[in-house]
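Note sheet for the following structure.
Where a number appears in this text, it was derived from the coordinates with a stated rule and is not lab data. If you're wondering where the values come from, they're calculated on a predicted model, not measured in any experiment.
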Amino acid sequence: MEGRKQCGTFRLICRACDTKVFSKYENFSVYTENFETLAPYHEEQIILNQIAMKNSLSSLYDALQSASTFQDALNYITENGSRHSETPLKQYLQVSQDDAIQYNRIFKETQKISHKNNIHNVYRIGFYRIIPHQMQVAFQGLILPRQDFDGSIIYDGESEKQFNPLHVCIFPDKERTILLAFCKSKCVQYRSLLRTIRAMDDDDAAKALIALSINYSSNFYISDRSDIEKGTEEYKYLQHLAGDDGTYFTGFQMTAGISTSHLCNISKQCRINAMTENQPLYTQFHLIPNSFIEP
């Protein structure tokens, strides 16, 4: 899986299988003005299920990679007799393993759904908007926001019943950008969060989705054209949003050679940071640079 530069590109799937399994949602012509109206029906549900399947598979791979990284670190500590970091590493390993179990569960659910002849109302679109120009950010993935924009807890990080991801897509497409957020129809925990985003104008809604995406995932792409001057308030915000280690990636920086293990650590740190914030960082979405959402 290569994040940012090739957002949504999952390298462990052969091209033929990828084309066969995910062909409908990757055809951007399906995202019409009335896509949300038609969403409860079979063809649109197939598209949403394909997105959910790709997202869960990608997240499963990331979780397994993170678990492998933490396990290697624990093995190194054990072999070299340095045990001062053992406890936190064991905790991070357990989180990664638990995540992998949940993502695998979700993936298997999408597989079962894909074999049905008639799919209705499995997924509900919570936000859908077409921006009339191509933005400089791309994202596809599932996230688990801890709080809504008012600070109310919507996911405690432990309850399996609350482990119902929100699927978010930011699809730049030639002269437009598709913004999409959806979840299972029976899932109610995101109603307040999505209601707040729906009430926003296009610019704020786009910034809010970008902030959520960066805060909870590593699978995003930012165009080189949107490079931000270091030391500015916007740059510092992006650093904090992406992880307290201060790592901020653009498409250009991604080519500089970031190790897989480092990416796994950052991916996991993003979730840990987000889960421990007293005030969600994404509520400060107005600090997302305007260049991210401009043509």
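Couple of notes before you dig in:
- The phi torsions of region 122-132, fed into the Karplus equation with coefficients 6.51, -1.76 and 1.60 and a -60° offset, translate into couplings of 6, 10, 10, 7, x, 7, 8, 7, 10, 8, x Hz, rounded to whole numbers, with Gly and Pro shown as x.
- Other-chain or far-sequence residues with amide H under 5 Å of Gly243's (modelled H): none
- Under 5 Å from the amide H of Ile154 lie the amide H atoms of Gln147, Asp148, each residue being 5 or more positions distant or on a separate chain, with H modelled from the backbone and absent for Pro and chain starts.
- Rg over Rh, two decimals, region 57-152 (C-alpha only, Kirkwood Rh): 1.12
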